[in-house]
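Please read the structure below before turning to the comments.
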Amino acid sequence: MKLFLFRLILDMLAIGLLLAAFAYNWFGNAAHEIIGTLMFGLLISHNVFNRRWYGMVAKGWREPRSVFSKTITLCLLLMMVGLLATSVIISQTVFDFLSLRSTFTVRQIHALIAYLVLLIAALHVGLQWSMIMRVVGQALHVKTGTRIQTVALRGLACLIAVYGVHSLFVLDIGLKLRMETTFRFWDFEAAAIEFILRHTAIIVLCAMIAHYSLKLLSLHKRDRRSPRTTE
Ligand code: HEM
């Protein structure tokens, strides 16, 4: 349990670094590259701790739940490799000694992949949500929520998700995914907290989508099984 919590803290740190990497214009290039490189360092430990997944990835492709979660995790793996590769190529500080040729297109692809990683990593968190809540609840000795608590927490999650949808527009995520250049820069002096809150809300939104999709897929599985169990 202690090891699991330690791993969870490392994972939360990785998400924090991922968010911080989006504040490129606030921290500047050198800090951005160091933050990003540290996040990749934490990702290596995440992969070592979860190495069993690689042994199981080829199995269970007939189960809708498993197809859903494995597809998301494989996409995340692919995007992370892409983000790392483009990072090394365009680096002006940490990997500058490699003297690789950075082009405008690679820099654009780097930013595109970064936003895809934000969305897919959030889906990935949503896949583990039930387990994370169970372990955190046990560690903090929180008793299973009453009906009112559950309804209140779900209501709060819905409000955050609505803010997340609004944030997708405010942060021009659609334009960024279409690699369209925007000349709107975030005013970090005036609204640094709002920047963090909006990115966090997008993470919550995507995590909820993955969490509830998994629940729906479980219902589908139960529905298919029920005729046999009532026989
Ligand atoms: C957590 C991982 C990372 C994320 C999410 C990320 C995200 C981004 C984003 C969104 C931009 C565009 C910034 C803007 O124009 O507003 C950017 C630019 C940049 N990133 Fe990263 N990055 C990551 C890691 C790295 C690493 C590890 C390096 C190099 C070691 C790096 C090097 C750069 C450089 C040089 C630019 C400027 C590109 C330009 O001149 O247009 N990034 N990054």
- Task: Could you list the residues of the range 66-88 with an amide nitrogen less than 15 Å from a label point located 7 Å from the Cα of residue 105 in the Cα-to-C-beta direction?
- Result: 86
- Task: With θ set to phi - 60°, apply the Karplus curve 6.51 cos²θ - 1.76 cosθ + 1.60 along the range 205-217 and write out the HN-Hα couplings as whole Hz, x wherever there is a Gly or Pro.
- Result: 4, 5, 5, 5, 4, 5, 4, 6, 5, 4, 4, 4, 5
- Task: Evaluate the relative contact order of the range 2-230 (contact order divided by residue number), counting alpha-carbon pairs under 8 angstrom at least 6 apart; express in whole percent.
- Result: 22 percent
- Just grab the label-to-label distance for residue 151 and residue 81, each label 7 Å out from Cα along the Cβ direction, in nm (one decimal). 4.9 nm
- Note on the structure: Rounded to 0.05, the calculated FRET efficiency for the beta carbons of residue 196 and residue 159 at R₀ = 25 Å is 0.90
- Item | Residue-wise HN-Hα coupling along the range 152-160, computed from phi with Karplus coefficients 6.51, -1.76, 1.60 (Hz; x: Gly, Pro) | 5, 5, 5, x, 4, 4, 5, 4, 5
- Here, residue 139 and residue 45, labelled 7 Å along Cα→Cβ, have an inter-label distance in nm of 1.3 nm
- Task: Report the relative contact order of the range 1-78, percent, no decimals, based on alpha-carbon pairs under 8 angstrom and at least 6 residues apart.
- Result: 26 percent
- Size of the range 2-230 along its principal axes in angstrom, Cα-based, largest extent first? 66, 42, 37
- Item | Amide N proximity, the range 109-123 versus residue 92 label position 7 Å along Cα-to-Cβ, cut-off under 18 Å | 109-112
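Laboratory data are not the source of any read-out in this text; all were calculated from the coordinates shown. The shown structure was predicted, so the numbers you read here are calculated from the model rather than taken from an experiment. Glycine gets a Cβ as well: all are built from the backbone with ideal geometry, and neighbour counts include every protein chain shown.
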